[in-house]
1. If I take the Cα coordinates of chain B and project them onto the principal axes, what are the three extents in Å, biggest first?
2. Fewest to most neighbouring Cβ within 10 Å: what's the order for B:21, A:18, A:47?
3. Using a 10 Å cut-off around each Cβ of peptide B:70-77, what is the average number of partner chain Cβ atoms that fall inside?
4. For the protein assembly as shown, take the alpha-carbon Rg, divide it by the Kirkwood Rh, and send me Rg/Rh.
5. Under the definition of Cα pairs under 8 Å and six or more residues apart, what whole-number percent is the relative contact order of chain B?
6. Figure the gain on full extension for residue A:3 and residue A:42 (residue separation times 0.36 nm, minus the Cα-Cα span) and round it to one decimal in nm.
7. Counting other beta carbons within 10 Å of each residue's own, what order do B:67, B:36 fall into, fewest first?
8. For chain A, what relative contact order do you get, as a whole percent, if you take Cα pairs closer than 8 Å and at least 6 residues apart?
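FYI, it's all coordinate maths here, none of it is from the lab. As the structure is a computational prediction, the values presented were derived from the model and not from experiment. All Cβ positions, even for glycine, are placed from backbone atoms using ideal geometry, and neighbour counts span all protein chains on display.
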């Protein structure tokens, strides 16, 4: 079983719609969860992080965490063509005395006008 | 005024050669990382240093040798390059990590390595 799983997509949504990106993880001990955006040929950049169950909103972005079900999601409201990118879910795993971030394979989002 | 910088940005070389990639961060972070992103865009950690001490060493061929001269710099030396080493290598940094948690990691622009 992969440690962090995402649907690779592409997820295609019309401009102005809500894009919903989902991620599941296997380590119940994980406490830190991150969403990164990566444009083609660029480096990952942080969108949001979430540590507690529930919702966390930042502008058009909402991260949702459900530790019991081991999933984390990212909602993008009023999607824009500039949101078209690959979204990487990252989860911390504490193993062998140290933390490390495990990334999912990413979901490619395409927002069409 | 780049936060995490890497050199070179592109690296094209022949199989069997030895090459190095350099990384520098000016964020005052204590922890630095090397990641490899393959052609399928899967981002996987290779190494991590905390205050110049190696703390993460994933299952990476020993042809890869990281070195941290100080906490603002982390270099990656690769010996006897192979075709499968072709990938994008990202450096990242973060604040010191509380046990069980993970601070936000900030990524450099990446080094695109092509082995011919």
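1. 41, 32, 28
2. Result, fewest neighbours first: A:18, A:47, B:21.
3. Across the residues of B:70-77, the mean count of other-chain Cβ atoms within 10 Å is 0.
4. 0.97
5. 36 percent
6. 11.6 nm
7. With the fewest neighbours first, B:67, B:36 line up as B:67, B:36.
8. 37 percent
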